[in-house]
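Here the structure is laid out as C-alpha cells; the discussion comes afterwards.
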Amino acid sequence: MTCCLRFWPRYRDPSHMPLNEMPQVVLDSTKMGSDCVIVKGGKRVCGTGAVLANAPIVQNKAYFEIKIQSGGLWGVGLATDKTKLDVVPLGKDSQDRKSG
C-alpha cells in the first residue's frame, strides 16, 4: 500500500504561499478603548476599557490564554470590531449577543 501524501506537492496550488513563521498575534493599538494603554510589546493592557487583537478568529475554534497580574474587575472574551471598547463591562451595546 502506498501513501498518497508523497505525491501531494505535485498537486499543490501554485498560488499557495507557505508560512515561514507564524504571524505574531498581539493587542492592536488602533482597536482599543481611550483609557487603555498597551505595553510589553503588545502583550499587556493597563487601564479601563477593552482592546482587540490584531488577528481575527477565522475558524470554528480558537485558543487563547491570559495571565492576570493585578486585582480589579476583569473580563475576557470575544468581540467584533464594532463593539464599544470604552463601555465597561462590555456587551451592553448593539453588538451584544443575547441567548434565547
Counting just the residues of the range 52-72 that are at pLDDT 80 or above, hydrophobic (A, V, I, L, M, F, W, C) and surrounded by fewer than 10 Cβ atoms within 10 Å (Cβ to Cβ), which one comes out farthest from the chain's Cα centre (by Cα)?
Ile68
Looking for something part of a loop (DSSP other than H, G, I, E, B), at pLDDT 85 or above and farther than 22 Å from Pro89 by Cβ - is there at least one such residue anywhere in the range 18-30?
yes
I need a count of the residues in the range 17-46 that are surrounded by fewer than 13 Cβ atoms within 10 Å (Cβ to Cβ) and at positive phi.
2
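Could you say which residue among Gly77, Gly41 is part of a loop (DSSP other than H, G, I, E, B), within 11 Å of the chain's Cα centre (by Cα) and in contact (Cβ under 8 Å) with a residue 12 or more places away in the chain? Can you show your working first?
Details: Gly41 fails: within 11 Å of the chain's Cα centre (by Cα).
Answer to the selection: Gly77.
The values are calculated or read from the model by the stated rules, or taken from the named source; none is laboratory data. Given the structure is predicted, the values throughout are model-derived calculations rather than measurements. Heads up, the Cβs are rebuilt from the backbone with ideal geometry, glycines too, and the neighbour counts pull from every protein chain shown.
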